[in-house]
Every structure is written in structure tokens, then in C-alpha cells.
Amino acid sequence: MAGSGGPWGGGGGSGGDDRNKGNGDDDDRRGGRRGEGGPQIPEIDQLVKRGQEQLRVLMGGRGRGGNGGGGGPGGTGGGGPVITRQGLALGALAAVAVWSFLSFYTVRPEERSVELFLGESSGIGNPGLNFAPWPVVSYEKVQVTGERTTEIGTGENGSATGLMLTRDQNIVDIGFQVVWNIADPEKYLFNLADPEDTIRAVSESAMRDIVARSEFSPILNRDRGVIAADVQTQVQATLDSFNAGISVIRVNLQRAQPPREVLDAFREVQAAQQQRDTLQSEADAYANRVTAGARGQAAQFLEESEAYRAQAVNSAQGEAARFISVYNEYINAPGNDGAGAGRDEQGDP
């Protein structure tokens, strides 16, 4: 049986082959085996151990086979990583680099930064490189030169917020924009919880106040520029009283018209009024033309009558003067005596 090499009576060579085959599989899993004429494949555990050994050396430890670091040949290193001066220096440099990266920051020309020391404002950062030692000092950048726009009376709820009552008890639908920027970033960040909503509420209140003191018709055309300027002045004064740090650049009055429900009827009324004005203007022009013609004709008749009167008077005066001169010549003639003249004067035949 001993010579058979197995309990089932197999040959010794066969049993030896099975054992050798098992050793070969174990070699494949653990140490690898040589292929047919190829190099030996390294073991995964060996690769992991080599990586750990290299990491230990980089951290300041001693590698395999180093002085006092491991056992005999082929043994693993012991004692863990050892901190050296080089490791401390590299760690300090890394810490300083990270701290510098977090402490130095750049502000662009269109921005300003507000530095906070333990949560409280400590200064304003100007464009360029600034220093805020982390973590006791933090910063927040704010764009101060760009124009920002707040719209009132437009959008989804524009028809509701844009309806305003005029002094003559008419309703006008107004939509406008408030263009603004940040004048003081510190006040802007700390004095207003929601700058956008604050500007919207202040602008809408100012517009309602000005519209309530204005007539309906001038709002639609003539006084649009005046109303926009008044709203800008009033909004700026209110924001200054809040120390908001906001500068109102301009107010754009985009829409001023009757409500949508009566817009068609209003346009018909406007067309009728325009037609009435046109007809009235034409009538006034005709009246002026006829009146001017009549006045000219009356003046002409008056001048002609004055000329005729002057001509008749002058002609009568000329005839009378000529008759008197002839009569005087007849009286003074040599063939006439005074008696005849006397008889003539007494009326005798």
C-alpha cells in the first residue's frame, strides 16, 4: 500500500503528480510560477508590502534591511515611522503654504472686499492683493461698479403691483425699472437684510405717492420724464435714511397706460378725442380765414368810402371856389356899375 502511493491503489507516480499539482496551484496563488519560458509574475501581497515600505521610507522610517528597522534578511521592518527634521520642515512648509493660500486674496478693479474680524467688520479691501489672516479674519467680495436692475410692475405679478390711483380718481398701470449700484459695500452688507426687496418696496411706495399727486392724462405722455426724476430723488433719499450704501443711477418708466381691462375702450375714447380736436382745429382755421377775409373786405370798403367822401368834398369846394372867383370878376368888370349891382343886391328886376 505504501508503494501504491494512495489509498485507492493508485500508482505512486500518480499520487506524486497530484501533490505536485497542488503545490503548483499554491505557487500560482502565492508566489507565482514561471510560465513556459516567461518571467515570474510578482505576488500582490509583495507589491503591497513594497508600497508600504516605500511610504515608510518617505515618512522618515527605515526601510527593510535598514539599521535597526527590521529583522533578519527577508523580514519586515518594525517600530513604525520615525519623525525627522526633514519631515517636520516639509510639514511646516506645507502648513505655511496652506495658511498663505487661505490668507491672501485678490480683489478685481470692479470689486471691493469687506474684511471681518471674528464676524465684525474690520475694513475695506481695495483692488489688488490683500491679506486677511485666516481663520480669525475672513472677507467677502462685493461688485460695486456693475449696474443692477430692479423691476416693479413687470413680470408675473406686474399687472397687480403696477395698478396705481391718480389724483383725479383714475387707475393707471405703470411698469418701471430702478437701476442702481453699490456705493458703500460695508453698509450694503450689514444694514440691509434683503437689498433687492428693500429697493422694490421703497420704489413702489415712492411711485404710488407721486402718482397719487398727479393727473391721469399728463402721466401718459407729458410728465413721464418728470415722474421718473421725482421717483429717483425720493428713492435715493429713503435709502440714504436707511444707510443702505446704495446709489440710484436712474429710473426707467417703461409703461404708463390704462388697465388692460379698459385699454380698448380707452383707445377708442382717445381716437374720438383726437378726431374732435382735428375737426375743431379745422373749424377754427376756417373761422379765422373767413373772419380775416371779412375784415379785409370791410377795411377796403371803408377806405373806398373815405376816398369817395374826400373826393366829393374836394370837388364841391373847388366848384364853390371857382364860382366865387367868377362872380368877383363879374362884379369888378369895367362895364358894370354899382346901381345894377345894387339892384341885383335888392332883388329888383
Review point. Looking at VAL211, VAL226, which one is open to solvent by 70 Å² or more (accessible area, probe 1.4 Å), of a type outside the set (S, T, N, Q), more than 19 Å from the chain's Cα centre (by Cα) and closer than 15 Å to ILE174 by Cα?
Key: VAL226
Study note, to complete from the structure: Only one of (1) within 27 Å of the chain's Cα centre (by Cα); (2) open to solvent by less than 60 Å² (accessible area, probe 1.4 Å); (3) not acidic (Asp, Glu) does not apply to ALA265, and that is (1)
Check your understanding: Residue check: is ASN288 under 23 Å from the mean Cα position of the chain (by Cα) and open to solvent by 60 Å² or more (accessible area, probe 1.4 Å)?
Key -> no
Revision key, fill the gap. Of ARG250, ARG255, the only residue that is touching a strand residue (DSSP E or B) at 6+ places or on another chain (Cβ under 7 Å), charged (D, E, K, R) and open to solvent by less than 60 Å² (accessible area, probe 1.4 Å) is ARG255
Review point. So is PHE190 closer than 22 Å to THR161 by Cβ, of a type in the set (Phe, Trp, Tyr) and modelled with pLDDT under 95 or not?
Key: no
Point to revise | When residues of the range 229-246 are limited to those that are β-branched (Val, Ile, Thr) and surrounded by 19 or more Cβ atoms within 10 Å (Cβ to Cβ), the one nearest to GLN257 (Cα to Cα) | key: VAL231
Revision key, fill the gap. Every listed condition ((1) hydrophobic (A, V, I, L, M, F, W, C); (2) open to solvent by 70 Å² or more (accessible area, probe 1.4 Å); (3) under 60 Å from the mean Cα position of the chain (by Cα)) holds for PHE301 save (3)
Review point. Among the residues of the range 166-187, is there at least one that is free of Cβ contacts under 8 Å to residues at least 60 places away in the same chain, open to solvent by 10 Å² or more (accessible area, probe 1.4 Å) and within 16 Å of THR238 (Cα to Cα)?
Key: yes
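The values are calculated or read from the model by the stated rules, or taken from the named source; none is laboratory data. Everything quoted here is computed from the prediction, not taken from an experiment. All Cβ positions, glycine included, derive from the backbone under ideal geometry; neighbour counts span all protein chains shown. Areas reflect the complete protein model, heavy atoms only, side chains present, ligands, DNA and RNA absent. Shrake-Rupley method; radii C 1.70, N 1.55, O 1.52, S 1.80 Å.
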